[in-house]
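Worksheet for the structure shown next.
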Amino acid sequence: MSAVEPVEVDAGRVRLRRWRVEDADAVLTALRDPVLQLWNGVPATTRDDAVDFVRRRADWSAGDHASWAVADAGTGVLLGSVSLHSVDRQQANAQVGYWTVPAARGRGVAPCAVDAACRWAFAGLSIERVELCHAVDNPASGRVAAKAGFTLEGRLRASYRYGDGRKHDELIWGRLAADPPPGLSS
């Protein structure tokens with residue numbers, strides 16, 4: 001994989017920006033949220049864990065991911081995270097993952113960030129397909145996928161172990177570069 005240079009993406013009311021060590025305290029607070037612990041399972045229980053989290057996501061040199069802090073475009077306050085991971089340039093495929101802080105939920109932040117990451121991948125990496133998977137028991141993620149222009153493609157049985165230690169069925173969604181963009185307002 002060739003290295004990818006980190007970029008910032010202006011997505012209207014949110015900005016996808018590079019992770020910074022200064023984000024560690026906000027990340028630690030966010031990752032203590034029970035919803036994030038259940039559905040994202042990012043293990044960060046100490047500030048050092050949070051620093052490791054932001055450093056890993058800020059380092060795009062392996063070329064296998066592009067990860068951003070999602071910040072309010074006006075205030076710069078951290079609202080969440082969005083990452084393109086499992087980037088396969090030969091197959092022109094990637095997967096997307098995201099989370100938002102509790103105060104940002106229900107405000108359209110996640111669909112906006114996911115859409116912006118996909119648009120960047122299609123244009124900047126020549127990715128042709130992005131997949132999004134989420135637990136069947138997490139319908140909020142299904143709403144994000146639909147709003148971000150993904151098409152529901154199927155169900156994966158007992159496919160991923162979430163924060164509760166149980167394997168959950170997941171829904172798989174796909175978005176192709178050729179698909180019409182969603183009608184999100186910024």
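Yes or no, residue by residue, for (1) more than 16 Å from Val101 (Cα to Cα); (2) touching a Phe, Trp or Tyr at 6+ places or on another chain (Cβ under 9 Å); (3) among the hydrophobic types (A, V, I, L, M, F, W, C):
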| residue | (1), (2), (3) |
| --- | --- |
| Glu5 | yes, yes, no |
| Arg20 | yes, no, no |
| Ala30 | no, yes, yes |
| Ala44 | no, yes, yes |
| Asp49 | yes, no, no |
| Ser61 | yes, no, no |
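What is the number of the single condition among (1) open to solvent by 70 Å² or more (accessible area, probe 1.4 Å); (2) in contact with a Cys (Cβ under 9 Å, 6 or more places away or on another chain) that Glu128 does not meet?
(2)
Return the residue satisfying two criteria in turn: it lies in the range 162-177 and is open to solvent by 50 Å² or more (accessible area, probe 1.4 Å) and without any contact (Cβ under 8 Å) to a residue 24 or more places away in the chain, and of such residues it is farthest from Arg119 (Cα to Cα).
Residue satisfying both the conditions and the ranking: Arg166.
Take the residues of the range 71-116 that are within 9 Å of the chain's Cα centre (by Cα) and closer than 14 Å to Arg13 by Cα: which is surrounded by the fewest Cβ atoms within 10 Å (Cβ to Cβ)?
Among residues in the range 71-116 that are within 9 Å of the chain's Cα centre (by Cα) and closer than 14 Å to Arg13 by Cα, the one surrounded by the fewest Cβ atoms within 10 Å (Cβ to Cβ) is Gly80.
Do we have any residue at all in the range 30-45 that's over 15 Å from the mean Cα position of the chain (by Cα), within 20 Å of Ala140 (Cβ to Cβ) and basic (Lys, Arg)?
Yes, that holds for at least one residue.
For the range 18-37, which positions are surrounded by fewer than 20 Cβ atoms within 10 Å (Cβ to Cβ), within 16 Å of Ala110 (Cβ to Cβ) and of a type outside the set (Val, Ile, Thr)?
Just the residues of the range 18-37 that are surrounded by fewer than 20 Cβ atoms within 10 Å (Cβ to Cβ), to begin with: 18, 20-22, 25-26, 28-29, 32-35, 37.
Of the ones still in play, those that are also within 16 Å of Ala110 (Cβ to Cβ) are 33, 35.
If the condition is that a residue be surrounded by fewer than 20 Cβ atoms within 10 Å (Cβ to Cβ), within 16 Å of Ala110 (Cβ to Cβ) and of a type outside the set (Val, Ile, Thr), then Asp33 is the only one that fits.
Among the residues of the range 148-157 satisfying the criterion of being charged (D, E, K, R) and touching an Asp or Glu at 6+ places or on another chain (Cβ under 8 Å), which is surrounded by the fewest Cβ atoms within 10 Å (Cβ to Cβ)? It would help to see each step written out before you state the result.
Filtering the range 148-157 for residues charged (D, E, K, R) gives 153, 155, 157.
Still in the running and touching an Asp or Glu at 6+ places or on another chain (Cβ under 8 Å): 155, 157.
Details: Arg155: 11, Arg157: 9.
Across the range 148-157, the extreme among qualifying residues is Arg157.
In the range 127-145, what residues are free of Cβ contacts under 8 Å to residues at least 40 places away in the same chain and over 19 Å from Val14 (Cα atoms)?
Taking the range 127-145 and keeping what is free of Cβ contacts under 8 Å to residues at least 40 places away in the same chain, we get 136-137, 139-140, 142-143, 145.
Answer for the range 127-145, where residues must be free of Cβ contacts under 8 Å to residues at least 40 places away in the same chain and over 19 Å from Val14 (Cα atoms): Val136, Asp137, Pro139, Ala140, Gly142.
Being open to solvent by 10 Å² or more (accessible area, probe 1.4 Å) and within 16 Å of the chain's Cα centre (by Cα) is the filter here; which residues of the range 56-70 pass it? Reasoning before the result, please.
Filtering the range 56-70 for residues open to solvent by 10 Å² or more (accessible area, probe 1.4 Å) gives 56-59, 61-62, 64-65.
Within the range 56-70, Arg56, Arg57, Ala58, Asp59, Asp64, His65 qualify.
Checking Leu36 against (1) touching a strand residue (DSSP E or B) at 6+ places or on another chain (Cβ under 6 Å); (2) more than 24 Å from Ala94 (Cβ to Cβ), only one condition comes out false. Which one?
Leu36 satisfies every listed condition except (2).
Looking at the range 42-50, can you tell me whether even one residue there is acidic (Asp, Glu), in contact with a helix residue (DSSP H, G or I) (Cβ under 7 Å, 6 or more places away or on another chain) and over 20 Å from Gly106 (Cα atoms)?
First, the residues of the range 42-50 that are acidic (Asp, Glu): 48-49.
The next check asks that each one be in contact with a helix residue (DSSP H, G or I) (Cβ under 7 Å, 6 or more places away or on another chain); those that pass are none.
Among the residues of the range 42-50, not one is acidic (Asp, Glu), in contact with a helix residue (DSSP H, G or I) (Cβ under 7 Å, 6 or more places away or on another chain) and over 20 Å from Gly106 (Cα atoms), which makes the answer no.
The values are calculated or read from the model by the stated rules, or taken from the named source; none is laboratory data. Note that the structure is predicted; figures quoted are calculated from it, not measured. Backbone-built Cβ (ideal geometry, glycine too); neighbour counts: all protein chains shown. To get the accessible areas, we keep the full protein, side chains included, count just its heavy atoms, and leave off ligands, DNA and RNA. Shrake-Rupley method; radii C 1.70, N 1.55, O 1.52, S 1.80 Å.
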